[in-house]
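Report on the structure given below.
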Amino acid sequence: MIEVRNLTKYYGSIRGVEDLSLKVPKGAVCGLIGPNGAGKTTTLKLLCCLLKPTSGEAWVAGVSIREELKVKKLIGYLPESQILYGFLTVREHIELAGRLHKLPRAELKAKAKALMEELKLSQLEDRRCGALSLGQRRRVGLALALIGDPEVLLLDEPTSGLDPAQRASLLKLIKAMAEEGRTVLLSSHVLHEVSEACSTIAVLREGRLAYHGSLEEFRERYCPIVEVEAPGVEKLESEVKGMWGAKSVKAERGKLTVEASDLDAARVGLVKLLAAHSLPVRSLRSPGLEEAYLKLVGEEGAA
Ligand code: ATP
């Protein structure tokens, strides 16, 4: 698990993060999101001991970040920009990282092979790292983060530079890692990925925590909307007004958008109402991760 308490980092007079407190339980994936410069990388670097805090405290798998050597054994860190030794092949690089973790030779070989398969690097194992594409380098970086079998994964924009198939398989891998009991904190600018992989999110804004909790609550707090699609549903606009604490109702052809204070009541009520009018529900959804994010951080913070 990860615990952060009143963590603050100033670079001279520039605020990196201030008074950050959050907990990520063991086996959970938390997404760190926020506009450019919000403090995501600073937070991850503090947790992996690449930066010293100005004040505050944090623990990684129960170990204080002041105990650098112990922390480094427990974490796998994927930096925002991966620096690789260009003269080493992919396999040599992964095995070197494994040796730094003092893995026994046979285990090291087997793990490196398994990771290369999982990260679709097997065909590249003899290629020098200097000759890899951006996405390929990212995958090698992940293998380096994972080779030590870390309890905690700190991933700075892990999917950047990956193609859609690789993104999907990486998100699956991250979820599987968490199911095995690892704790993951990852930063991302891609909200739908965050919603796929993460159980909670922490939104940073200008170095401060603006929200920490479930995605569901985030959506409902900042964008409490239900959209229902059915042919002819627009004729129910006036009937829906004022029900379930509806603050606004927007009718378009075949679609009603309801902003309500009690979203669950609105969902149940809409389905019943449509059934009573024999209108077939084509879809019922709550949009809004993106909308909720924009409401919280403002348009200038668009991810
Ligand atoms: P991005 O999404 O662009 O990667 P971020 O959320 O990761 O941004 P950080 O890199 O943590 O943001 O930066 C937080 C703040 O700290 C920014 O104002 C940044 O300019 C500042 N900062 C980061 N590193 C340094 C540094 N080495 N020296 C001075 N200021 C820094």
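With the structure loaded, tell me whether Val17 is more than 24 Å from His101 (Cβ to Cβ), away from the ligand (no atom under 12 Å from the Cβ) and not in a helix (DSSP H, G or I) or whether it fails that test. No, not satisfied. Of the candidates Leu78, Leu115, the single residue that is within 15 Å of Leu153 (Cβ to Cβ), within 16 Å of the ligand (Cβ to nearest atom) and either under 27 Å from the mean Cα position of the chain (by Cα) or at pLDDT 95 or above (or both) is Leu78. Does His212 satisfy the condition of being out of contact with any Gly (no Cβ under 9 Å at 6 or more places or on another chain), part of a helix (DSSP H, G or I) and either within 16 Å of the ligand (Cβ to nearest atom) or not charged (D, E, K, R) (or both)? Spelling it out, it is not the case that His212 is out of contact with any Gly (no Cβ under 9 Å at 6 or more places or on another chain), part of a helix (DSSP H, G or I) and either within 16 Å of the ligand (Cβ to nearest atom) or not charged (D, E, K, R) (or both).
Among the residues of region 20-57, those identified as in contact (Cβ under 8 Å) with a residue 60 or more places away in the chain, more than 8 Å from the ligand (Cβ to nearest atom) and surrounded by fewer than 21 Cβ atoms within 10 Å (Cβ to Cβ) are Ser21, Leu22, Pro25, Lys26, Gly27, Ala28.
As a summary of the residue check, Ser133 satisfies the conditions (1) within 16 Å of the ligand (Cβ to nearest atom); (2) of a type in the set (S, T, N, Q); (3) out of contact with any Asp or Glu (no Cβ under 9 Å at 6 or more places or on another chain) except for the one numbered (1).
Considering region 158-173, the residues that are touching a Leu at 6+ places or on another chain (Cβ under 7 Å) and surrounded by fewer than 22 Cβ atoms within 10 Å (Cβ to Cβ) include one that is farthest from Glu118 (Cα to Cα), namely Gly161. Just to be sure, is Val194 within 18 Å of the chain's Cα centre (by Cα) and either part of a helix (DSSP H, G or I) or without any contact (Cβ under 8 Å) to a residue 12 or more places away in the chain (or both)? Against the criterion (within 18 Å of the chain's Cα centre (by Cα) and either part of a helix (DSSP H, G or I) or without any contact (Cβ under 8 Å) to a residue 12 or more places away in the chain (or both)), Val194 qualifies.
The values are calculated or read from the model by the stated rules, or taken from the named source; none is laboratory data. Quantities reported herein were computed from a predicted structural model and do not represent experimental measurements. For neighbour counting, all protein chains shown are included, and Cβ atoms are generated from backbone atoms with ideal geometry for every residue, glycine included.
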